[in-house]
1. Using the count of nearby Cβ atoms within 10 Å as a rough guide to exposure, how do L243, L71 rank from fewest to most?
2. So if R0 is 41 Å, what FRET efficiency would D118 and K205 give, r being the distance between their Cβ atoms, rounded to the nearest 0.05?
3. At most 16 other C-beta atoms within 10 Å and a DSSP loop state: those are the exposed trypsin sites (Lys or Arg not before Pro) I care about. Give me the longest piece of the chain that has none.
4. When the convex hull of the C-alpha atoms of the chain is computed, what volume per residue in Å³ does it have?
5. Relative to the longest principal axis of the C-alpha atoms of the chain, give the angle of the C-alpha long axis of helix 148-168, reported between 0 and 90° and rounded to the nearest 10°.
6. Can you show me the helix-derived [θ] at 222 nm for the chain, built from DSSP H runs with n ≥ 4 at -39,500 (n - 2.57) apiece and divided by the number of residues, rounded to the nearest 500.
7. I'd like the Karplus ³J(HN,Hα) series for the stretch 230-240: coefficients 6.51, -1.76, 1.60, θ = phi - 60°, whole numbers in Hz, and an x wherever there's a Gly or Pro.
8. Taking a label point 7 Å from the Cα of T48 along the Cα→Cβ vector, which residues of the stretch 63-101 have an amide N closer than 20 Å to it?
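Readers should treat all values here as calculations from the given coordinates under stated rules, not as data from a laboratory. Fair warning: this is a prediction, and the values are worked out from it, not measured in the lab. Backbone-built Cβ (ideal geometry, glycine too); neighbour counts: all protein chains shown.
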Amino acid sequence: MNINPLRAPSVRFVIKATAQRRLLSAGAEVFEHDFMEHHIPINSFQRTLLTVGSAAVSLMNPYRADMIACLGETSGEQALQEVLRTMEESEEGSEILNDRPRINTGTVDLDYLKRLPDGTLGKAYSNFLVDNRVTPDSRMTVQFVDDVELAYVIQRYREAHDLIHTVLQMPTHMLGEVAVKWVEAIQTKLPMCIGGAIFGPVRLKPKHRQLYRNYYLPWALKTGTEAKFLLNVYFEKRWEQTLSEFYQEMNIKPLEIRKTKKSIEGE
C-alpha cells in the first residue's frame with residue numbers, strides 16, 4: 001500500500017495522540033481506585049452533622065485544612081454538579097475529566113518547571129511553591145463525596161488551588177487568600193469558597209482592610225466575573241505557555257499595587 005508522504009505526519013500524530021489518551025486514561029483508573037479506597041459512605045444525618053461541625057471549626061480557625069476540606073465535600077453537591085457541567089461543555093475541561101490528572105510531586109516534574117524560562121506558567125508555579133513554602137502534596141484525598149465524577153471535580157479544585165494563586169499572582173497571606181476565594185466563589189459557587197470570601201475579611205489586620213476594600217475586593221469581583229472558567233484550564237499542558245499569553249487568553253489582568261506590595265509581603 002502506498003502512503004502519500006504528505007499524509008504520513010498526520011497518521012503518526014493520530015497514533016501518538018491515541019497512545020497518549022490511553023496513557024492519560026490510566027490516570028483516570030488510578031483516581032477511581034484511590035476514590036474507592038478512601039471513600040467513606042455517610043447518611044443524611046451524618047452529612048448534616050459534619051457540615052455544621054466543619055463549618056463552625058473553619059470559621060474559628062481558617063487554617064484547619066481538614067475541616068475546610070470536609071465542609072467542601074459535605075455541602076457543595078449542587079455546586080459541584082454545575083462545575084461538572086461547565087467542564088463538560090469545554091473541550092479542555094472535558095479532556096481533564098476524561099484524563100483525571102493529579103497534581104502532586106509524583107505527577108509533576110518540579111525540577112523541570114524550575115528550569116523553564118521566567119515568564120512561563122511552569123516557572124511561575126515553581127516560584128510560587130518555593131516563595132510560599134507550600135507543596136502540592138498537601139491536598140487531602142476526597143472522602144465524603146459519593147459520585148466519582150463529583151469527587152474528581154473537588155479533588156481537581158483542591159489541587160489546582162495553588163495554580164490559581166499562581167496565575168492570579170496572589171501569595172498565601174490573608175489578603176491573597178481572601179481575594180482568591182472571591183474569584184473561586186464567583187466561578188464555582190462552592191459554599192466553602194463563598195464562606196471564605198465573606199467571612200475571611202474579618203480576620204484581616206486593620207491596616208489591610210482599606211487595601212481590601214479599595215483594591216483587592218473590586219479586583220477579585222471583576223476577575224471572577226470576567227475571566228474564563230479557571231477549572232477548565234489543563235495547567236499540566238500549559239507549563240511552557242507565557243503568562244502574558246495566558247492572561248490574554250483567559251481575560252485576566254493581575255492586580256498591581258506597587259506602593260503597598262512591600263507592606264503586605266509575608267503576611
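1. Going from least to most buried by this count: L243, L71.
2. E(calc), rounded to 0.05, equals 0.80.
3. 65-132
4. It is 149 Å³ per residue.
5. Taking the Cα atoms of the chain, the angle to 148-168 is about 70 degrees.
6. Calculated at 222 nm, the ellipticity per residue is -20500 deg cm²/dmol.
7. Running phi through 6.51 cos²θ - 1.76 cosθ + 1.60 with θ = phi - 60° gives 6, 6, 8, 8, 8, 4, 4, 9, 10, 3, 7 Hz.
8. Answer for this model: 70-79.
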